[in-house]
1. Could you pull out the pairs from Lys22/Lys66; Lys86/Lys120; Lys56/Lys129 whose alpha carbons sit more than 22 Å apart here?
2. Which distance in Å, rounded to a whole number, links the C-alpha centroids of the stretch 28-103 and the stretch 128-165?
3. What ranking do Arg130, Arg282, Arg148, Arg52 get, fewest neighbouring Cβ atoms within 10 angstrom at the top?
4. With each label point set 7 Å from Cα along the Cα-Cβ vector, what nm distance links Glu94 and Leu122?
5. Test of the criteria: in the stretch 105-139, which GluC sites (Glu not before Pro) are in a DSSP loop and have at most 13 other Cβ atoms within 10 angstrom of their Cβ?
6. List the residues, sorted by chain then number, that are 5 or more residues from Asn28 or on another chain and whose placed amide H is less than 5 Å from its amide H.
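Every number here is computed from the coordinates shown, using simple stated rules; none is lab data. In this text the structure is predicted, and so the values were computed from the model without any measurement. Note: ideal-geometry Cβ built from the backbone for every residue, glycine included; neighbour counts use all protein chains shown.
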Amino acid sequence: MEAQLSDMLTEQLEVKQTPVLKDDKKLNVILVGPQNCGQAVVGSYLSQEHQRGLIKLDQLVDFWQKRGHQLADEATAFLESQEIKKQEALAEFEKKKKQKKGKKDDGEEFDEKEFEYLPKQLLLQMLQKRLQEEDCNAGAIFDSLESRYWPNEKFAIELICEAVPVQNVQIVLFNFNKEKFGSQNEEDPEAERKSNPEAEDEEATEVCTNYRYARRHDPAHQTKNKDQEDLIDEQGEADAQAKVAAKAKPSGRAGRRGGAKEEKKSEGQIEAEERAAEEQRRIKEAEAERKRKDE
């Protein structure tokens, strides 16, 4: 009985991995963009949807250190030797700085970052070894390209391309664009912009426009169904009829002088006003019903 339960638990815990694809069939996606643009969310979604491993490149060295791999030991030994070189270089820099005391300062500063960079060949071996894991049978999704172990994102992209010379590589670039919301003059925003050009920069908001989730709550980008479009058309027609009926009413001194002689409304005007009132009532009821459903 215990053996059967053990077999059942083992079957449940087994995770089906993507079959190994040939190199020319594998696809690697590199996500590049500023912070808080949603690339981590997109990376997780692509990894789950397409069954490709999600590699946060800034955790590459930690990945092998946690597993006690030989490559991690080589990296540790290299960084220790670099620390000694950094101390020697720092002492030399301070010595030169004291010699220049009293002279014009050229603004030179000591850069410690270059002593933390790992050799490109060692990083390449780590990445190639990581891509041999089962979760990368169909390729990988690369995120978090900046790290203290290499200079910049460009270096990371070149590293990935060298690690997969035959496999397909795609780069997804995330951008922030400025969009203007809440214009006071909704009927003619262009006229408002010309009258107050300084307000444009103040009201502009940076939004990520690379994927739909970033602005799905923005009413300007929500799709309207057919019922909503019909209601809008009916409301426009009702407003037009109400304006016609209002213009037909006598007003000003002519209306007051007329007194009892004021002409009665024609049947067409009365029907137009009734239709307009009925349309307004229907629109309000439909709007209230839609709000109740949303809640």
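1. Numbers: Lys22/Lys66 29 Å; Lys86/Lys120 19 Å; Lys56/Lys129 15 Å.
Checking Cα-Cα distances, Lys22/Lys66 exceed 22 Å.
2. Each part's Cα centre sits 12 Å from the other's.
3. On the way: Arg130 19, Arg282 14, Arg148 11, Arg52 23.
If I rank by nearby Cβ atoms, fewest first, I get Arg148, Arg282, Arg130, Arg52.
4. For the pair Glu94/Leu122, the computed spacing is 2.6 nm.
5. Working: sites: Glu108, Glu109, Glu112, Glu114, Glu116, Glu133, Glu134; in loops: Glu108, Glu109, Glu112, Glu116, Glu133.
Within the stretch 105-139, the qualifying GluC sites (Glu not before Pro) (loop, at most 13 other Cβ atoms within 10 Å) are Glu108, Glu109, Glu112, Glu133.
6. It is Ala140, Asn168, Val169, Gln170, by chain and number.
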